[in-house]
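Have a look at the structure below before the remarks.
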Amino acid sequence: MKTDPKLRNAIEMCLPAAARRRIEDLTAEPSDDFVAMVRAAGLDPKTSFRGKKLKVDFGASDLSGFDFSGADLSGSDLSRAKLAGATMIGARRTTGQRFLELFGHEDWVRSVTFSPDGSRIVSGSDDHTLRLWDAATGKPLGAPLRGHEGEVTSVACAPDGRRIVSGAVDGTLRLWDAATGTEKGEPLLGHQGGVNSVAFSPDGCRIVSGSYDGTLRLWDSSTGAPLGAPLRGHDGEVTNVAFSPDGGSIVSGGEDGTLRLWDAATGVALGEPLRGNPREVSSVAFSPDGSRIVNGGEYGTLRLWDAGTRAALSEPLRGHEGWVNSVAFSPDSRRIVSSGDDRTLRLWDASTGASLGEPLRGHKGKVSSVAFSPDGCRIVSSGGDGKVIVWFLDPPVHQVFVTRRPKDEPYKRKLLDKLFAHPEMIKRNVVEAVLDPMTHPRLDEAARDALENSVAALFIVGDKDLAFMQHGELELARRLQRETGRPRIIPVFTSSAIPTKPPDALRDYFFIDMPLEESGAFDALVEAISQTIDYPSVSSDAVTAAEVYRAPEEAPLTQPMTEAELEEWKRLRTQMNELDKARRTGKFSDISKWT
């Protein structure tokens with residue numbers, strides 16, 4: 001009997017031996033139904049493929065209900081598979097390989113953005129309408145938003161997600177209710193020409209606009225009233241505007257090839273203009289951490305600027321052929337996406353200016369607008385072909401290393417299963433890895449392996465083995481972190497895992513002063529991991545103390561280990577090494593000295 005080639009491919013998956021044997025035993029005519037193979041092999045779509053490496057042609061299978069979180073799918077063919085309803089958090093794919101096309105506009109789509117929660121997309125088009133879309137399915141939400149009497153050039157969402165502002169060639173700004181799609185109040189009038197760009201302030205109280213008439217204007221977002229006189233300085237059209245993350249300043253780009261900074265409260269120009277391009281500056285953006293500004297323009301280049309010193313941070317970033325129409329920073333300020341007349345999107349390292357991967361191709365016309373999703377895992381773009389495209393990127397992976405999973409402690413396994421199924425962990429792409437001193441590589445090797453696999457952070461939740469981790473291993477892992485910026489090594493101690501405070505060498509760690517099986521400790525662990533992922537700018541070199549969860553009102557622990565405690569720690573570590581050696585060799589003759 002002949003084995004289905006699809007099943008033979010599946011044998012190459014990193015699955016439990018029993019599952020592989022079941023697959024090997026199956027015989028069938030060649031099939032294009034991966035779901036049938038999974039059912040026949042007795043695999044669970046929700047659990048069997050998390051974190052696995054798959055080399056499978058999925059064909060036209062409907063993968064709804066499958067969970068591929070943390071899986072390596074880079075060797076698989078997903079081109080024909082139906083992916084709606086499948087969980088792909090952290091699944092490794094070729095960057096830009098998957099995208100979702102949104103059809104509905106009847107002309108060029110000039111502007112596009114995500115809602116603050118990432119669930120919706122807003123677009124504005126030359127067909128005089130705005131549209132709302134479901135970001136997950138790509139389906140339109142309701143009818144087009146009509147009101148403008150000209151091409152819609154720019155759209156932006158309020159920080160609370162409740163309102164949308166749009167600008168158009170008809171010279172007006174309009175406010176919309178994001179839930180109902182109804183227009184709020186009268187159009188905002190004041191510009192003497194078309195509106196090129198609009199943006200909300202971080203607190204949502206103000207709106208800034210840039211116009212054909214060469215001015216910027218500030219507006220009260222509640223009343224629609226203009227705030228002060230127009231801001232004048234550009235020699236020609238104002239092409240793009242953006243608020244700084246703290247709301248204190250505004251950056252604008254102009255047809256005159258300059259960037260200008262303005263005091264958002266007074267409207268006064270801050271310093272001399274920055275020469276961003278020999279001719280027109282078409283797009284500008286602040287980094288979310290407020291430290292940098294990027295601009296794009298004619299001649300296919302981008303430029304990075306220090307927002308504080310106003311100095312250029314590098315030579316122009318080159319790669320596009322033709323105009324760069326739009327630029328945006330990722331939420332963590334580490335990447336930049338740009339789009340151009342050459343029909344491509346490009347990703348850049350915001351620190352080095354290096355190009356990241358191949359251009360993203362999918363549009364059949366000029367790409368006019370790009371934006372990152374709030375989680376940094378997607379990019380939305382729009383262009384002259386009338387399409388909106390959502391690109392799915394590989395999100396950063398965070399591994400929680402679990403030291404030994406003793407068979408005589410089933411409650412701990414149950415607790416860990418609960419941890420990795422927690423919605424906060426799934427949302428942040430946290431997956432499990434096992435760190436066993438008997439079978440796993442040294443910690444520094446594990447860290448290097450994690451770096452090669454683009455793992456952003458290692459959280460190590462330990463039994464007593466963690467308390468006796470070799471000092472040298474940790475220092476080598478730390479050195480790797482200092483040299484590369486990742487992965488972050490974050491041990492998590494509990495009172496049941498270590499008899500004394502961790503050594504001072506663990507500069508970035510969490511200490512939970514209760515056994516992990518207690519509900520308070522579990523909640524503290526989820527919070528510790530979540531906060532560390534959400535605030536990656538706090539480097540381990542800057543963190544010199546632990547977070548202590550004895551009680552909410554108590555202050556963090558700041559005292560390093562005393563010399564006596566460190567000596568005790570070293571002594572216990574030596575004993576544990578000897579005990580492990582005795583376990584491996586079966587020589588327990590001297591075990592009495594450890595009891």
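Taking the mean number of other Cβ atoms within 10 Å as a proxy for protection, how do you rank 105-115, 42-52 from highest to lowest?
Numbers: 105-115: 22.1, 42-52: 16.6.
Top of the packing list down: 105-115, 42-52.
For a test of the definition: using alpha carbon positions, the gyration tensor, and the 1.5 limit on a/c, classify the range 153-257 as rounded, prolate or oblate.
prolate
From the P(r) of the range 294-346, could you give the percentage of C-alpha pairs in the tail past 15 Å?
Percentage above 15 Å: 45.
Full-extension gain between K414 and D57, please, as 0.36 nm times their residue separation minus the C-alpha to C-alpha distance. Kindly include the intermediate steps, with their values, before the conclusion.
Numbers: separation 357, 0.36 × 357 = 128.52 nm, distance 3.38 nm.
The K414-D57 span can extend by a further 125.1 nm.
Name the residues whose placed amide hydrogens come within less than 5 Å of the amide hydrogen of T129, ignoring near sequence neighbours (fewer than 5 apart) on the same chain.
V152
For a Förster distance of 25 Å, can you work out the FRET efficiency between the beta-carbons of A312 and R361, rounded to the nearest 0.05? Mind showing how you got there, number by number?
Working: r = 30 Å, r/R0 = 1.19.
The pair A312/R361 has a calculated efficiency of 0.25.
Mind ordering 386-393, 250-257 by average Cβ neighbours within 10 Å, highest first? The partial results should precede the final answer.
Details: 386-393: 22.0, 250-257: 25.4.
Result, highest mean first: 250-257, 386-393.
With +1 on each Lys and Arg Cβ and -1 on each Asp and Glu Cβ, how big is the dipole of the range 99-392 about its Cα centre, in debye rounded to the nearest 20? Show your work: numbers first, answer last.
Values: 28 positive and 37 negative charges, 86 e Å.
With Lys and Arg at +1 and Asp and Glu at -1, about 420 debye.
Taking a quarter of the surface of the convex hull around the Cα atoms of the range 99-392, what do you get in nm²?
Details: hull surface 50.7 nm².
Reported value for the Cα convex hull: 12.7 nm².
Structure shown: which of K53/K139; K184/K387; K184/K366; K139/K387; K46/K418; K55/K387 lie over 23 Å apart, alpha-carbon to alpha-carbon?
Working: K53/K139 31 Å; K184/K387 27 Å; K184/K366 32 Å; K139/K387 13 Å; K46/K418 14 Å; K55/K387 32 Å.
With Cα atoms farther than 23 Å apart: K53/K139; K184/K387; K184/K366; K55/K387.
No value in this document is a laboratory result; all are computed from the given coordinates. Remember, predicted model here, so these are calculated numbers, not experimental data. Counting neighbours? That spans all protein chains shown, and the Cβs are built from the backbone with ideal geometry, glycine included.
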